[in-house]
1. When ranked by the protection proxy of mean other Cβ atoms within 10 Å per residue, highest first, what sequence do the peptides 23-33, 73-83 form?
2. List, in order, the whole-Hz ³J(HN,Hα) value for each residue of the range 46-60 obtained from phi through the Karplus relation with A = 6.51, B = -1.76, C = 1.60 and θ = phi - 60°; use x for Gly and Pro.
3. Once both labels are modelled 7 Å past Cα along the beta-carbon direction, what's the Phe73-Glu114 spacing in nm?
4. Evaluate the distance, in nm, between pseudo-label points positioned 7 Å from the Cα of Ala98 and of Cys86 along their respective Cα→Cβ axes.
5. Considering only the other residues whose Cβ falls under 15 Å of the Cβ of Tyr30, what net charge follows from Lys and Arg at +1 and Asp and Glu at -1?
Amino acid sequence: PHASLYATAPSVSPMSDVPCPQSLLGVKTYFLRADELAKGGKPYVAHRLRKFGIELAMKVKGPDAGPYLLRQFDLVDQEKAANIKCPPRKPKPPPAPAPAPAPPPEPAPAPAPEAASTEGGKEGEGKEGE
């Protein structure tokens, strides 16, 4: 249904001598990009992308996809034989130092002493002798 979105002429991958079939035009971009990456000095990424493109193409199950997929399998085998390794990762920067601990909270103010009455007792209590 989306064939009109893609070029109608069979496309040949620069690293492939087999044209891309109509049934795989939707995944052709993965293989073309893998070819570009392989030529551009990123063989590991190219290899992984080509394998992913093959996985997607296998799900399409196009009747005319056989020769093209076999060629892609051959390229994956060649890449694998070249013993492609994942590029080393850049070391992570050291973690930032932990922030200084917060100062302890200030102690609560002491309660104010209650004012003592001058009569020495509670109101309503009578003095002796009154």
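All of the numbers you see were taken from the coordinates with simple rules; none came from a lab. Treat the numbers as computed from the prediction; the structure is a model and nothing was measured. So basically every Cβ, Gly included, is an ideal-geometry build from the backbone, and we count neighbours across all protein chains shown.
1. Sorting 23-33, 73-83 by mean packing, highest first, produces 23-33, 73-83.
2. Taking θ as phi minus 60°, the curve returns 4, 4, 5, 5, 5, 4, 5, x, 5, 4, 5, 5, 5, 6, 5 Hz for the range 46-60.
3. 9.6
4. Computed distance between label sites Ala98 and Cys86 equals 3.1 nm.
5. My count for the surroundings of Tyr30 gives +4.
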